[in-house]
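Comments concern the structure below.
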Amino acid sequence: MAHLAPSGKWDARYLGPVPHDASYYAKCMLGGALACGFTHAGITPLDVTKCNMQVNPAKYKGLFPGLRTIVAEEGSKGLWKGFGPTFVGYSLQGMFKYGLYEFFKDAYMNLAGEEATNKYKGAIWLAGSASAEVIADVALCPLEMTKVKIQTSPAGTFPVPMFDALREMSRLKAETRFPFGSVVPLWSRQIPYTMAKFFFFEYIAALFYRHVFTAPKDSYGKGTQLGITFASGYLAGVPANKGKTLGQIASETGLVALATKGLGTRVLMIGTLTGFQWWIYDSFKTAMGMGTTGGK
């Protein structure tokens with residue numbers, strides 16, 4: 001049977017369409033890097049404005065006024081400050097977040113055994129995502145600290161090129177607490193968010209395959225499966241951020257609340273970002289012949 005290892009014992013690493021070996025986990029890490037790196041880097045102008053609104057709310061009074069102020073003072077290039085560390089930092093975070101989630105999920109399922117896994121799937125999703133995020137945030141922290149310093153320093157007072165900025169952060173480490181001075185705040189925000197994001201994605205995807213698309217998962221085409229992935233990711237972004245402050249949400253997702261004036265717009269944007277991250281990740285997995293996530 002597909003879920004049995006060559007030894008004949010039940011093994012979570014054989015539950016999917018392909019064995020979860022070292023190559024599988026490495027490809028998952030690459031897919032996670034693509035999913036998070038491109039989505040976060042693509043919204044750098046919003047992130048620049050968000051950071052400045054938090055540091056100097058009297059000057060940057062809203063998204064659009066803030067964007068206009070930055071362009072007026074620094075030109076359009078000012079909107080892309082921190083693009084390099086954002087792309088690299090969130091690629092690293094995504095690599096460990098998604099790739100290690102797959103690894104820890106399998107490891108915890110095998111520790112629990114088949115019966116307990118079926119009974120306590122939710123706890124395994126939570127434990128796997130939390131374990132992965134602890135490591136992911138350590139990888140992100142130096143780049144995140146550098147990105148924020150670049151984005152919030154007045155023009156001409158701090159290097160903008162990524163490697164120059166990293167060297168300056170290191171030189172001033174007594175002041176900046178570089179490279180891991182912000183890792184505890186990162187953990188406090190990102191671990192609960194990621195646990196909710198992964199738990200609800202897995203839960204919602206399972207509901208889709210149980211109650212809406214009730215034929216065997218493999219019987220549906222790639223387009224249908226990826227549509228379910230996007231919908232599950234989008235919906236997972238809503239409860240994952242419920243009850244958070246605007247600042248926490250923006251920090252956790254890298255996305256400034258496009259409309260600080262409406263929960264509906266905030267949910268729309270966060271859901272879309274989360275949905276696209278899962279869609280990119282599962283599109284890469286599908287292209288590699290590994291199948292989509294969830295629904296088993």
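The values are calculated or read from the model by the stated rules, or taken from the named source; none is laboratory data. The structure displayed is predicted, hence computed values, not measured ones. Because the Cβ atoms are built from the backbone with ideal geometry, glycine has one as well, and the counts that use them run over all protein chains shown. When the accessible area is computed, the model is the full protein with side chains, heavy atoms only, and any ligands, DNA or RNA have been set aside. Shrake-Rupley method; radii C 1.70, N 1.55, O 1.52, S 1.80 Å.
Taken together, Leu46, Leu79 contain a single residue that is over 19 Å from Ala132 (Cα atoms), touching a Pro at 6+ places or on another chain (Cβ under 7 Å), in a helix (DSSP H, G or I) and open to solvent by 10 Å² or more (accessible area, probe 1.4 Å), which is Leu79. Once region 222-234 is narrowed to residues that are among the hydrophobic types (A, V, I, L, M, F, W, C) and over 15 Å from the mean Cα position of the chain (by Cα), the residue that is surrounded by the most Cβ atoms within 10 Å (Cβ to Cβ) is Ile228. Scanning region 4-43 for residues that are surrounded by 14 or more Cβ atoms within 10 Å (Cβ to Cβ) and over 22 Å from the mean Cα position of the chain (by Cα) returns Trp10, Asp11, Ala12, Arg13, Tyr14, Leu15, Gly16, Val18, Pro19.
Say whether the condition of being surrounded by fewer than 22 Cβ atoms within 10 Å (Cβ to Cβ) and of a type outside the set (Asp, Glu) is met by at least one residue in region 90-99. Within region 90-99 (the criterion being surrounded by fewer than 22 Cβ atoms within 10 Å (Cβ to Cβ) and of a type outside the set (Asp, Glu)), the answer is no, since none of the residues qualifies. Residues in region 164-220 that are without any contact (Cβ under 8 Å) to a residue 40 or more places away in the chain, hydrophobic (A, V, I, L, M, F, W, C), part of a helix (DSSP H, G or I) and more than 24 Å from Tyr120 (Cβ to Cβ): Met169, Ala174, Val184, Val212. On inspection, Gly264 passes the criterion of being surrounded by fewer than 19 Cβ atoms within 10 Å (Cβ to Cβ) and modelled with pLDDT under 95.
Exactly one residue out of Phe64, Phe103 is in a helix (DSSP H, G or I), touching a residue at least 12 places away in the same chain (Cβ under 8 Å), open to solvent by 30 Å² or more (accessible area, probe 1.4 Å) and among the aromatic types (Phe, Trp, Tyr): that is Phe103.
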